1. Does Leu24 fit the bill of being in contact with a strand residue (DSSP E or B) (Cβ under 6 Å, 6 or more places away or on another chain), open to solvent by 10 Å² or more (accessible area, probe 1.4 Å), of a type in the set (A, V, I, L, M) and part of a strand (DSSP E or B)?
2. Please work out which one of (1) open to solvent by less than 30 Å² (accessible area, probe 1.4 Å); (2) modelled with pLDDT of 95 or more is the condition Gly67 fails and give its number.
3. Please state which of the following conditions Val156 fails to meet, knowing it meets all the rest: (1) touching a residue at least 24 places away in the same chain (Cβ under 8 Å); (2) in contact with a helix residue (DSSP H, G or I) (Cβ under 8 Å, 6 or more places away or on another chain).
4. Working only within segment 76-88, note down all residues that are under 14 Å from Leu4 (Cα atoms) and among the polar types (S, T, N, Q).
5. Quick one: in segment 89-116, which of the residues that are without any contact (Cβ under 8 Å) to a residue 60 or more places away in the chain and either more than 17 Å from the chain's Cα centre (by Cα) or open to solvent by 10 Å² or more (accessible area, probe 1.4 Å) (or both) is nearest to Ala5 (Cα to Cα)?
6. Give just the number: which of (1) crowded, with 18+ Cβ neighbours inside 10 Å; (2) farther than 15 Å from Ser63 by Cβ does Ile43 not satisfy?
7. Can you tell me which condition Ser63 does not meet? The list is (1) within 17 Å of Ala31 (Cα to Cα); (2) part of a helix (DSSP H, G or I); (3) among the polar types (S, T, N, Q), and all the others hold.
Amino acid sequence: MKVLAVETATSWQSVAILDETRVLARHDQEAAGSHAKLLLPTIDRLFRETGLTLKQLDGLVVSIGPGSFTGLRVGLATLLGFRTISQLPLAVVPTLEGMAWNLRGTSTLLCPILNSRRGELYWALFRWTSEDRLERVMSEQVGTAAMLGSSLTESVLVFGEGWTVEASVIRASIPPSVTVAEAPDPAMKPSAVSIGLAGIERLRRGESAGIGISPLYVQRTAAELKYEESGGLSPVALRQKRVARKRNARVAAARTQSAGDRGTRGKATGGTRDGA
């Protein structure tokens with residue numbers, strides 16, 4: 001089965017053409033803010049390298065998220081266009097699941113981690129079974145590095161750009177009983193090859209994207225973020241806290257002014273006595 005696989009969920013763009021497990025061509029590059037500009041020329045380059053055309057493929061595969069909103073939309077829209085032209089089946093692969101395919105066959109619990117646009121992290125937990133099947137242990141999560149660390153309850157292999165950026169905070173939040181190991185560098189970035197392998201498995205099972213497919217956005221609501229920022233206080237309690245803070249500030253200012261006035265009067269009186 002020959003497929004074109006595209007990974008644009010992060011600033012790292014990865015494109016590959018696979019024939020089953022064999023990589024016919026691939027290209028990886030930094031594409032921060034330039035996915036729309038770079039993706040089509042890269043795909044065209046791989047077709048030239050392999051001598052294949054779109055109609056000679058058996059399917060299309062794309063990373064569906066979570067990740068960069070713009071990157072996800074560019075990748076999905078491009079392959080949806082290719083599907084319309086070619087009528088090929090399209091498989092969509094969750095980005096974190098695709099990253100777990102970077103470490104296929106690893107017996108340790110896997111925790112891929114990506115950066116979120118709000119300065120938070122995306123993560124999930126996976127495990128490869130003895131039957132070479134990927135099992136989802138925890139679905140996609142979004143939250144702070146501290147939340148991620150506290151969610152880990154057993155020995156785990158961590159990897160991804162989110163780990164690279166927030167390793168110290170995550171480590172500080174991990175329970176003492178949990179052992180954490182870092183995956184090798186080649187597994188750190190999302191890969192179109194891994195996305196392609198996961199997608200081929202889906203296509204073999206007859207799983208293809210429907211008409212209304214959209215990126216997998218995993219975001220906490222604004223209400224959740226405000227609640228966390230408030231320290232868990234209700235809107236009413238927050239208003240009361242603000243009113244009390246302002247009232248206390250006014251009282252403190254009045255006391256300071258009053259003390260200043262008394263000091264001024266005292267100096268003036270003392271000056272008269274000294275001059276008598």
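1. Values: in contact with a strand residue (DSSP E or B) (Cβ under 6 Å, 6 or more places away or on another chain): yes; open to solvent by 10 Å² or more (accessible area, probe 1.4 Å): yes; of a type in the set (A, V, I, L, M): yes; part of a strand (DSSP E or B): yes.
Yes, satisfied.
2. Just one mismatch for Gly67, condition (2).
3. (2)
4. Of everything in segment 76-88, those that are under 14 Å from Leu4 (Cα atoms) and among the polar types (S, T, N, Q) turn out to be Thr78, Ser86, Gln87.
5. Once the filter is applied, the top-ranked residue is Gly105.
6. Every condition holds for Ile43 apart from (2).
7. For Ser63, the exception is condition (2).
One line per residue, one yes/no per condition, for (1) open to solvent by less than 10 Å² (accessible area, probe 1.4 Å); (2) on the phi > 0 side of the Ramachandran plot; (3) among the hydrophobic types (A, V, I, L, M, F, W, C); (4) over 25 Å from the mean Cα position of the chain (by Cα):
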| residue | (1), (2), (3), (4) |
| --- | --- |
| Ser11 | no, no, no, no |
| Glu20 | no, yes, no, yes |
| Asp28 | no, no, no, no |
| Lys37 | no, no, no, no |
| Arg48 | no, no, no, yes |
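The values are calculated or read from the model by the stated rules, or taken from the named source; none is laboratory data. Please read these numbers as outputs of a predicted model, since none were measured by experiment. Cβ sites come from the backbone with ideal geometry, for glycine too, and all protein chains shown count toward neighbours. Remember, those area values only see protein heavy atoms, side chains included, never the ligands or the DNA or RNA. Shrake-Rupley method; radii C 1.70, N 1.55, O 1.52, S 1.80 Å.
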